[in-house]
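Undergrad: What follows is a structure written as structure tokens; I'll ask about it next.
The values are calculated or read from the model by the stated rules, or taken from the named source; none is laboratory data. The shown structure was predicted, so the numbers you read here are calculated from the model rather than taken from an experiment. As a convention, Cβ positions derive from the backbone with ideal geometry for all residues, glycine included, and neighbour counts pool all protein chains shown.
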Amino acid sequence: MNGGASSREPLARIRLGEDAVTASQTLRPPLSVRWLGRMEFKPALALQEEIVARKRNDLSFEDQLLLLEHEPVYTIGRTPDRSSLFATGWIRRGEPGAAHLPHPLFAINRGGQATYHGPGQLMGYPIIDLRGCGQDLHKYLRWLEQLLIDLLAEYGIAASRRESLTGVWVGDRKIASIGVGVRHWITMHGFALNVSGDLSPFDHIVPCGINNVAMTSMERETDAAFSVTRVAALIEKLALHRIGDLRVIREAPPINA
């Protein structure tokens, strides 16, 4: 990948089938997908919390998938260990919090260590009631990973999981991070897919607490230019098509003669 980036974005090869597309257009969607554009982290977090609260009080309210980009920001999950905020992996005595970071930091209610979000990164925040999915968080995480692996495959990028490391990888390079929070079995937060743009802000931290991890992007892996909005449009189609894989189908009780 020594050549310059192409100005032409590769076309995805997705084929959902007419029946699936027609059904998603004519029936009430099992998942409502919204593109929010570029958004500061704080109002995006407030929106997630608002939707989670509404879903808790209204079981008929649709599951949601929020797609967006963030202005540059760092986040860290629920952990007393904050060493991942430092590129060295350890904190020197008297070192002031996160003052060394070039962008704001938010400590939030998700699992995982520190990561970076910014322009060129597609954020996906599924807000899904897992009570309709067997209350299986492990299955949900694997569903998110597979969704991203299938998306990348449409662009000719061979991605995979790695044992005991949640997220999506291309070889030994991490292309997507996953960190979720769950309240009353309703999910929030989600995935961050590196599409394009500057990855140098990751150099200020230990991404996801994994020492010596190399971060990559769709752009780096293909030497092609990508539009986050076009990638978001494809993940929307895939999510609508694959949401049924997550659901638990309950058989109707037999009717007594």
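Undergrad: Specify the residue that is surrounded by the fewest Cβ atoms within 10 Å (Cβ to Cβ); the eligible residues are those in region 121-158 that are small (Gly, Ala, Ser) and more than 21 Å from residue 47 (Cα to Cα). Write out each step before concluding.
TA: Of region 121-158, the ones small (Gly, Ala, Ser) are 124, 132, 134, 153, 156, 158.
Filter once more, so that each one left must be more than 21 Å from residue 47 (Cα to Cα): 132, 134, 153, 156, 158.
Details: 132: 16, 134: 12, 153: 14, 156: 13, 158: 10.
If we take residues in region 121-158 being small (Gly, Ala, Ser) and more than 21 Å from residue 47 (Cα to Cα), then 158 is surrounded by the fewest Cβ atoms within 10 Å (Cβ to Cβ).
Undergrad: Could I ask something else about it? State which residue is modelled with the lowest pLDDT when the search covers only region 114-135 and only residues that are under 29 Å from residue 230 (Cα atoms) and not in a strand (DSSP E or B).
TA: Across region 114-135, the extreme among qualifying residues is 114.
Undergrad: Does region 136-161 hold any residues that are assigned to a loop (DSSP other than H, G, I, E, B), touching a residue at least 40 places away in the same chain (Cβ under 8 Å) and not hydrophobic (A, V, I, L, M, F, W, C), and which are they?
TA: If the condition is that a residue be assigned to a loop (DSSP other than H, G, I, E, B), touching a residue at least 40 places away in the same chain (Cβ under 8 Å) and not hydrophobic (A, V, I, L, M, F, W, C), then 155, 156 are the ones that fit.
Undergrad: Taking region 171-204 as the region of interest, how many residues are under 20 Å from residue 47 (Cβ atoms) and either touching an Asp or Glu at 6+ places or on another chain (Cβ under 9 Å) or not aliphatic (A, V, I, L, M) (or both)?
TA: The qualifying residues number 12.
Undergrad: Can you report the number of residues in region 216-246 which are among the aliphatic types (A, V, I, L, M), within 15 Å of the chain's Cα centre (by Cα) and surrounded by fewer than 20 Cβ atoms within 10 Å (Cβ to Cβ)?
TA: Number of matching residues: 3.
Undergrad: Being touching a helix residue (DSSP H, G or I) at 6+ places or on another chain (Cβ under 7 Å), surrounded by 15 or more Cβ atoms within 10 Å (Cβ to Cβ) and at pLDDT 85 or above is the requirement here; does residue 98 meet it?
TA: No; evaluated as a whole, the condition is false for this residue.
Undergrad: Could you please find all residues in region 174-185 being crowded, with 21+ Cβ neighbours inside 10 Å, farther than 17 Å from residue 79 by Cβ and out of contact with any Phe, Trp or Tyr (no Cβ under 7 Å at 6 or more places or on another chain)? Outline the logic, then answer.
TA: Keep residues of region 174-185 that are crowded, with 21+ Cβ neighbours inside 10 Å, which gives 174-180.
Now drop any that are not farther than 17 Å from residue 79 by Cβ, which leaves 174-176.
The one that is crowded, with 21+ Cβ neighbours inside 10 Å, farther than 17 Å from residue 79 by Cβ and out of contact with any Phe, Trp or Tyr (no Cβ under 7 Å at 6 or more places or on another chain): 174.
Undergrad: Within region 162-173, track down each residue that is in a strand (DSSP E or B), surrounded by fewer than 23 Cβ atoms within 10 Å (Cβ to Cβ) and either modelled with pLDDT under 95 or touching a strand residue (DSSP E or B) at 6+ places or on another chain (Cβ under 6 Å) (or both).
TA: First, pick out the residues of region 162-173 that are in a strand (DSSP E or B): 162, 165-170, 173.
This time we only want the ones that are surrounded by fewer than 23 Cβ atoms within 10 Å (Cβ to Cβ), so: 162, 165-166, 169-170, 173.
Of everything in region 162-173, those that are in a strand (DSSP E or B), surrounded by fewer than 23 Cβ atoms within 10 Å (Cβ to Cβ) and either modelled with pLDDT under 95 or touching a strand residue (DSSP E or B) at 6+ places or on another chain (Cβ under 6 Å) (or both) turn out to be 162, 165, 166, 169, 173.
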